[in-house]
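Enquirer: Got a structure for you, questions after.
Every number in this text was worked out from the coordinates using simple rules, so none of it is lab data. Note that the coordinates shown come from a computational prediction; the quantities given were computed from them, not determined experimentally.
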Amino acid sequence: MTEIKRYFLELSYDGTKYHGWQAQPNAVTVQEMLDKALSTILRQSIETVGCGRTDAGVHASQFFAHFDGPADLEHKSSFLTGLNALLPFDIAISKVHAVENDAHARFDATKRSYQYHVHFNKNPFKHGYSWLLRDIPDVSAMNAAAAIIMEYTDFSCFSKSNTQVFTNNCKITNAQWSTTNEGLVFHISADRFLRNMVRAIVGTLLLAGNNTLNESQLRDIIESKNRSKAGTSVPACGLYLTEIIYPYL
């Protein structure tokens, strides 16, 4: 009998053409493409489990998924080469890690990080990968607002409605804006994220940056736990999942 091992695949993808990570009927997703490629190269049905969900159009510079397959795959360079050859150009596997058989890509992650990119001048090479803003916001005001958000743990006001999660509590360990040559990048890290949370936070912080939201109003929004009170979700094109941390990788 063939020995079965659990593996983590480390991958990245351009989410422009995909309806998010998670496989679903009547929509092309990253998970669907990966499962098909793995099933083809291993000649058996493979179902991966991802480290989380990304929405339609969201990108990932680092993402992990686990699956069970034959032993010694991590030592076979032909496996990684063949798998990448079967995948479309906008999905790339960088590493395969052999892990313990009870390791879990989603539940074992201890930290997740995202970036949101905005730019201010029309640039065809940023289209689909950053959000074009007309007005330059006040970065100091947005960072002051981000610091307030870090004081809280219940982020119901930034979560998509009717999601089936056990808790809306998250521990944010970093939330700040930085300046680039052509725009701004928002950096945020937490132990977990709710659906649509980062895009809703960015939309709310931009209100602070445009001087239409003060500290007291922001606290009222968070404490209301009401999604309709917070800012609009910004477009998916500027959002990147950038880092996943595990205690054993």
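Enquirer: Round to a whole angstrom and tell me the spacing of the C-alpha centers of the range 167-235 and the range 42-71.
Expert: So the two Cα centres are separated by 28 Å.
Enquirer: A further question on this structure: Regarding the range 188-249, what are the three Cα extents along the principal axes, ordered largest first, in Å?
Expert: Cα extents, longest axis first: 43, 26, 18 Å.
Enquirer: Non-local amide H neighbours of Ala109 (under 5 Å, H modeled in plane, Pro and chain starts lacking H): which ones?
Expert: Amide H neighbours of Ala109, under 5 Å, 5+ apart: none.
Enquirer: Sort largest first and round to whole Å: the equivalent ellipsoid semi-axes of the chain, each the square root of five times a Cα gyration tensor eigenvalue.
Expert: 36, 20, 15
Enquirer: Considering lysine pairs in the chain that are 8 or more places apart or on different chains, how many have Cα atoms under 24 Å apart?
Expert: Value for the chain: 20.
Enquirer: If each residue of separation counts as 0.36 nm, what is the full-extension length gain between Ser140 and Asp72 once their alpha-carbon separation is subtracted?
Expert: My answer for the length gained is 19.4 nm.
Enquirer: Between the helical axis of 77-86 and the dominant principal axis of the chain, each derived from Cα atoms, what acute angle in degrees is found, rounded to the nearest 10?
Expert: Helix 77-86 and the main axis of the chain meet at about 60 degrees.
Enquirer: Which cross-chain or sequence-distant (5 or more) residues have an amide H under 5 Å from the amide H of Arg195, H modelled 1.01 Å from N in plane?
Expert: Lys160
Enquirer: Using alpha carbons only, how many degrees (0 to 90, rounded to 10) separate the axis of helix 197-209 from the longest principal axis of the chain?
Expert: That helix lies at roughly 30 degrees to the long axis.
Enquirer: Related question: Relative to the longest principal Cα axis of the chain, at what angle does helix 139-149 sit, 0 to 90 degrees, rounded to 10?
Expert: 70 degrees
Enquirer: With θ taken as phi - 60° and the coefficients 6.51, -1.76 and 1.60, list the Karplus ³J(HN,Hα) couplings across the range 43-48 in order, rounded to whole Hz; mark glycine and proline as x.
Expert: 6, 7, 6, 10, 10, 8
Enquirer: Between Val28 and residues 5 or more places away or on another chain, which pairs have amide H atoms under 5 Å apart, with H built 1.01 Å from N, and which residues are they?
Expert: HN-HN under 5 Å from Val28: His19.
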